[in-house]
1. Can you give me the ranges of the helices (runs of 4 or more DSSP H) entirely in segment 236-348 with at least 1 residues that are of a type in the set (G, A, S) and surrounded by 24 or more Cβ atoms within 10 Å (Cβ to Cβ)?
2. With the condition kept exactly as written, say whether any residue in segment 511-531 is buried (at least 20 other Cβ atoms within 10 Å of the Cβ), over 24 Å from P321 (Cβ atoms) and within 16 Å of the ligand (Cβ to nearest atom).
3. Any residue in segment 273-286 that is of a type in the set (S, T, N, Q), within 30 Å of H207 (Cβ to Cβ) and out of contact with any Gly (no Cβ under 8 Å at 6 or more places or on another chain)?
4. Looking for something more than 16 Å from the ligand (Cβ to nearest atom), buried (at least 21 other Cβ atoms within 10 Å of the Cβ) and aliphatic (A, V, I, L, M) - is there at least one such residue anywhere in segment 604-625?
5. Taking the options A108, A138, A103, A112, name whichever one is of a type outside the set (F, W, Y), touching a residue at least 12 places away in the same chain (Cβ under 8 Å), crowded, with 20+ Cβ neighbours inside 10 Å and within 16 Å of the ligand (Cβ to nearest atom).
6. Of all residues in segment 359-410, which are under 18 Å from V702 (Cβ atoms), of a type in the set (A, V, I, L, M) and touching a helix residue (DSSP H, G or I) at 6+ places or on another chain (Cβ under 6 Å)?
7. Looking at R74, R153, which is the one that is crowded, with 17+ Cβ neighbours inside 10 Å and more than 15 Å from the ligand (Cβ to nearest atom)?
Amino acid sequence: MRALRRFTVRASLPEELLPLSHLVTNLRWSWHAETRDLFEALDPELWRTCNGDPVKVLGEVSAERLATLARDRRFVRRLQDVVDDLEEYLSAPHWYQSLGEGAPATVAYFSAEFGITEVLPQYSGGLGILAGDHLKAASDLGVPLIGVGLLYRAGYFEQGLSADGWQLEHYPSLDPHGLPLKLLRQPDGTAVVINVPLPEGRTLFAHVWRAQVGRVSLLLLDSDIEENTPAERGVTDRLYGGDEDHRLRQEMLLGIGGVRALRAYCQLTGTPAPEVYHANEGHAGFLGIERIRELTESHGLSFPEALQAVRAGTVFTTHTPVPAGIDRFPRALIERYFAGFGVPLDQLIPLGAEADPAKFNMAHMGLRLGQRANGVSRLHGHVSRGMFNYLWPDFDESDVPISSITNGVHAPTWTARELVEMGTQVTSQGDPVDVEGPVHFDGVDRIPSGELWSTRRMLRGRLVEEVRRRLRDTALSRGAAESEVGWTDGAFDPDVLTIGFARRVPSYKRLTLMLRDPERLRALLLDPERPVQLVIAGKSHPADDGGKQLIQQMVKFADDPEIRHRIAFLPGYDIGMARYLYWGCDVWLNNPLRPLEACGTSGMKAALNGGLNLSIRDGWWDEWFDGQNGWAIPTADGIADPERRDDLEARAIYELLSSQVIPRFYETDRDGVPSRWVEMVRHTLRETGPRVLATRMVRDYVQQLYVPAAGSSRAMAGSGYGAARTEAGWRARLLDRWSTVRVAHVEATGAGDTPEIGSTLALRAEVELPGLTPSDVQVQAAYGRVDDADGLHEVTTLPMAHEHTEGSRHWFSATLPLERTGAFGYTVRVLPHSEHLADPAELGVVASA
Ligand SMILES: *Cc1c(COP(=O)(O)O)cnc(C)c1O
């Protein structure tokens with residue numbers, strides 16, 4: 001028989017141990033070793049069988065054991081120490097508290113997935129893990145962030161393998177009462193119920209679960225409640241499952257329900273309302289629509305006026321350079337769902353407009369609703385400006401107002417404790433988190449090479465143990481008998497060069513590229529003197545049979561009895577498994593099709609542990625590969641034939657392995673230490689480590705986006721949203737007259753017939769601005785290198801000064817320095833100007849000479 005539902009009956013805690021329930025509900029334990037030690041001490045054997053899940057341990061520990069511990073004065077004192085430490089972490093001022101008044105009082109961070117710990121499986125991959133690391137780093141820095149997401153009752157899915165290597169999906173039924181969550185309740189104890197209107201007069205209801213991530217609260221909406229009809233109960237069943245209709249309801253719950261949950265939370269806890277709303281990808285975009293609706297109702301603003309106010313405080317982050325990765329809904333579906341919502345459809349629909357008039361594009365809405373937008377690595381910023389140039393057709397790609405902030409990872413979560421304790425993350429200033437500006441982990445210089453190497457070996461050994469355990473479990477689950485799995489005890493070797501490859505399995509990540517020449521790979525694995533071993537993992541989206549075929553191909557290759565002790569595909573990739581890989585792998589392999597990897601973060605986690613990256617120059621690696629922290633696989637970018645490109649890039653990987661990676665790893669000195677390898681490890685820890693930190697990333701978000709967005713948001717809200725009204729009026733008037741704006745004449749003097757370097761060029765432009773004033777615009781001189789087709793490159797812009805006016809004609813001037821030899825070109829262009837624009841390209845209009 002199968003149970004319909006499951007829940008956990010917990011022993012009641014003796015008075016002395018009550019603080020344990022406080023400790024277990026703050027997820028800081030997921031990155032704080034001393035707190036985990038304490039839970040382990042509750043019952044070390046149980047800790048092991050529960051896979052280090054404090055919630056399970058606390059749920060299953062016996063009443064007798066608790067009674068014993070309650071009488072153990074040393075344990076109770078230790079508990080108090082850990083509780084005091086948490087209290088101090090939660091209340092002490094941190095980096096953010098030094099920023100002063102300009103910083104937003106509260107920031108709301110919306111994401112469809114959050115990967116904080118394997119105990120709360122609410123993520124599918126990089127996007128979710130990044131969101132989890134964002135919350136953790138915000139907590140460490142004291143950023144007053146509130147996370148908003150959904151609670152999926154089955155998470156994403158649990159991955160298994162069939163006997164013939166096909167991915168199996170299992171959907172667990174999570175009981176929120178058995179998770180480190182608390183229900184958001186009214187003062188009278190009843191649960192807060194959020195509602196979101198659906199078509200045909202129906203309503204979607206949800207409860208709000210609160211997870212505590214250090215100082216940061218995360219609100220998760222849950223539709224599996226009695227108030228809903230059976231169809232609506234299933235809205236939060238699983239992550240990225242279901243049809244368009246299902247996805248749309250999820251996204252409406254996330255965006256609209258999320259704002260409503262925030263309102264309830266802030267009111268109940270006395271938290272100031274958010275001034276900045278950060279949409280992590282397009283899924284949460286409806287949050288802007290809900291806020292527009294709020295403002296039209298509460299302050300009587302028109303849709304365009306409310307849009308100004310909402311945009312000012314909204315930050316949008318795009319994560320995919322793959323057009324197919326963008327969320328799009330049939331426009332008719334949006335019209336049906338929003339017909340009675342309370343905002344005019346003829347204003348809403350254009351926000352999601354794209355090339356296909358039948359589609360509503362969530363990324364386009366994200367860009368139109370967010371005054372500030374960014375990609376997630378320097379290269380991805382560039383790719384995004386190209387991809388979304390469509391929305392700013394009159395501008396060059398480099399003018400598209402999308403910046404970039406390179407992702408980071410949360411060091412306390414991902415770094416092996418032994419490495420932290422050795423001082424690999426200590427700066428000369430003493431603290432890895434609080435130091436501003438470029439820092440190095442110079443503590444690593446003080447560690448003797450032999451010690452660094454033996455710690456790396458220990459971590460590799462720990463990974464080998466874990467691989468053996470998982471290989472055995474997997475073999476049994478695929479139908480092997482106990483008598484057939486003995487080989488797993490001797491599989492893998494703690495002294496063999498270990499390469500890791502683990503990530504989701506969309507085709508652009510090319511899971512099977514390494515199998516391009518199977519014989520060559522076999523030879524590398526089985527080399528009698530200098531072998532390599534490979535650990536592989538990754539989940540395919542349940543609807544992606546192509547991905548599952550790649551997994552099957554990999555599994556079948558690794559099933560071969562001759563090589564299975566050197567290569568393994570491990571099912572069930574999650575945070576719990578990934579940790580062992582980042583700790584123990586010597587080399588982290590990444591071979592995406594450039595430039596389709598927006599950033600990639602797994603290689604950063606490997607680097608924090610001294611793993612060397614062997615990667616295509618894509619995402620973050622394009623930016624921070626420095627010749628000493630690993631190897632760059634040459635890409636065959638220009639090759640149009642994909643088969644040939646794969647051949648070339650696979651061959652490059654084999655070549656790099658044979659000629660550089662393997663020799664360096666096995667080239668040891670008299671003490672048995674591969675000193676040149678260890679120097680690369682040291683270099684990686686010291687130089688790459690501080691760059692890839694999530695605290696660096698969150699500081700960048702605060703300084704470059706949150707603080708300016710809070711400024712804009714406050715400006716718009718001033719005097720009862722008077723500024724938003726004025727600004728909306730100004731924009732409407734400006735756009736209405738823009739077609740008549742014209743650069744009538746440009747005159748250059750001063751450079752003579754053959755201009756010389758160091759001389760100047762005086763420019764004078766006559767501009768027609770019927771119905772506008774010179775203060776409504778910025779007239780720019782743009783100049784730089786010019787190509788044969790008169791295209792300008794490496795453009796510098798210079799504002800031109802207003803000289804005088806005759807009617808609707810205005811004269812502007814500027815002096816351009818001629819600083820470079822060679823072909824030089826210039827032009828004059830007119831752009832809108834208002835103190836409330838974050839970027840001159842924002843309105844999408846420009847008039848060029
Ligand atoms: C870091 C991480 C990812 C993302 O890795 P990418 O390199 O961005 O693909 C996915 N899953 C888990 C479990 C991770 O830890």
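The values are calculated or read from the model by the stated rules, or taken from the named source; none is laboratory data. Keep in mind the model is a prediction, meaning the values are calculated, not measured. Using ideal geometry, Cβ is built from the backbone for each residue, glycine included, and neighbour counts are taken over all protein chains shown.
1. Numbers: elements: 244-252, 258-269, 286-299, 303-312, 331-338, 345-348.
Filter on segment 236-348 gives 258-269, 286-299, 303-312.
2. no
3. So in segment 273-286, the residues of a type in the set (S, T, N, Q) come out as 280.
Those still in the list that are within 30 Å of H207 (Cβ to Cβ) too: 280.
So of that shortlist, the ones also out of contact with any Gly (no Cβ under 8 Å at 6 or more places or on another chain) come out as 280.
For segment 273-286, residues of a type in the set (S, T, N, Q), within 30 Å of H207 (Cβ to Cβ) and out of contact with any Gly (no Cβ under 8 Å at 6 or more places or on another chain): present.
4. Here is the first cut: in segment 604-625, the residues more than 16 Å from the ligand (Cβ to nearest atom) are 610.
The next check asks that each one be buried (at least 21 other Cβ atoms within 10 Å of the Cβ); those that pass are 610.
With the extra rule that they be aliphatic (A, V, I, L, M), the set shrinks to none.
No, segment 604-625 contains no residue that is more than 16 Å from the ligand (Cβ to nearest atom), buried (at least 21 other Cβ atoms within 10 Å of the Cβ) and aliphatic (A, V, I, L, M).
5. Values: A108 fails: within 16 Å of the ligand (Cβ to nearest atom); A138 fails: within 16 Å of the ligand (Cβ to nearest atom); A103 fails: within 16 Å of the ligand (Cβ to nearest atom).
Among A108, A138, A103, A112, only A112 is of a type outside the set (F, W, Y), touching a residue at least 12 places away in the same chain (Cβ under 8 Å), crowded, with 20+ Cβ neighbours inside 10 Å and within 16 Å of the ligand (Cβ to nearest atom).
6. A373, I405, V409
7. Numbers: R74 fails: crowded, with 17+ Cβ neighbours inside 10 Å.
Only one candidate qualifies: R153.
Yes/no per residue for (1) under 15 Å from the mean Cα position of the chain (by Cα); (2) in a loop (DSSP other than H, G, I, E, B); (3) not small (G, A, S):
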| residue | (1), (2), (3) |
| --- | --- |
| P104 | no, yes, yes |
| S124 | yes, yes, no |
| I129 | yes, no, yes |
| D133 | yes, no, yes |
| A138 | yes, no, no |
| I146 | no, no, yes |
| R153 | no, yes, yes |
